[in-house]
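Enquirer: Once you've had a glance at the structure underneath, I'll fire off some questions.
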């Protein structure tokens, strides 16, 4: 999925709030920067949580630095991406947890949509709203690939809730289901607030690092999925 004609633009979005979009967007952006890519993280949410995390990273003097801007309105987001698209290798957009102009603009601009969902029935039902937005975006833009990933998954390997949610999402035709869940781990919350990757924490959580590496690899095809 890597392109030769411009940056990879990834939106992490869902009309359902509380599914960990910002955490994943920040983690993906930092992981790509650590890998050597020129990354621009766009915070498309009025709450500005992603921008705050990157500000904390900058204040701590962490390298690599991450360029970040906040555009919660669709016209500004669209215009800035179109104007600056040639400056970056990767653009990661964190879209807020609602049907917003920023989310709709991001879908039309993006190569990849990553939709995190939690293993709760109402989170799975909410994917119907995203499916409708995907259909709308695809009516005006070719080539949008859409992946659903279970985030905040139950730690138990044989969790019934995880299995039931995965089976339900796999039946939504607009999505490609990624069988590489991100589980509820303290490392993700600890890292996110400080604007760090889980790999940068002083105390390493190998399982959290492996889960993130697998997700990033599956999105960017830098290696085969494990």
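Enquirer: Could you please give the count of residues in region 57-82 that are in a loop (DSSP other than H, G, I, E, B), surrounded by fewer than 16 Cβ atoms within 10 Å (Cβ to Cβ) and out of contact with any strand residue (DSSP E or B) (no Cβ under 9 Å at 6 or more places or on another chain)?
Expert: So the answer is 4.
Enquirer: Restricting to region 153-175, count the residues that are surrounded by fewer than 12 Cβ atoms within 10 Å (Cβ to Cβ) and either modelled with pLDDT of 80 or more or in contact with a helix residue (DSSP H, G or I) (Cβ under 6 Å, 6 or more places away or on another chain) (or both).
Expert: Result for region 153-175: 4.
Enquirer: In region 53-64, which residues are free of Cβ contacts under 8 Å to residues at least 24 places away in the same chain and at negative phi?
Expert: Answer for region 53-64, where residues must be free of Cβ contacts under 8 Å to residues at least 24 places away in the same chain and at negative phi: 59, 63.
Enquirer: Can you confirm whether residue 213 is surrounded by fewer than 20 Cβ atoms within 10 Å (Cβ to Cβ), more than 30 Å from residue 6 (Cα to Cα) and in contact (Cβ under 8 Å) with a residue 24 or more places away in the chain?
Expert: So residue 213 does not fit the description; no.
Enquirer: Looking only at region 182-205, which residues are in a loop (DSSP other than H, G, I, E, B) and in contact (Cβ under 8 Å) with a residue 40 or more places away in the chain?
Expert: Passing the criteria: 182, 195, 196, 197.
Enquirer: Same structure again: Based on this model, can you work out whether residue 51 counts as touching a helix residue (DSSP H, G or I) at 6+ places or on another chain (Cβ under 6 Å), part of a helix (DSSP H, G or I) and within 22 Å of residue 198 (Cβ to Cβ)?
Expert: no
Enquirer: Are there any pairs, at least 6 apart or on different chains, whose C-beta atoms fall under 6 Å, with the first in region 3-32 and touching a residue at least 60 places away in the same chain (Cβ under 8 Å) and at positive phi and the second part of a loop (DSSP other than H, G, I, E, B) and surrounded by fewer than 24 Cβ atoms within 10 Å (Cβ to Cβ), and if so, which?
Expert: These pairs meet every condition: 20/152.
Enquirer: Test residue 6 against the stated conditions and say whether it is part of a helix (DSSP H, G or I) and loosely packed, with under 14 Cβ neighbours inside 10 Å.
Expert: Judged against the criteria, residue 6 is not a match.
Enquirer: Across region 83-112, what is the total count of residues that are assigned to a helix (DSSP H, G or I) and touching a residue at least 12 places away in the same chain (Cβ under 8 Å)?
Expert: Count: 13.
Enquirer: State whether the residues of region 134-144 include one that is crowded, with 17+ Cβ neighbours inside 10 Å, without any contact (Cβ under 8 Å) to a residue 40 or more places away in the chain and assigned to a loop (DSSP other than H, G, I, E, B).
Expert: Yes: one or more hits.
The values are calculated or read from the model by the stated rules, or taken from the named source; none is laboratory data. Since this is a predicted model, take the numbers as computed values, not measurements. So basically every Cβ, Gly included, is an ideal-geometry build from the backbone, and we count neighbours across all protein chains shown.
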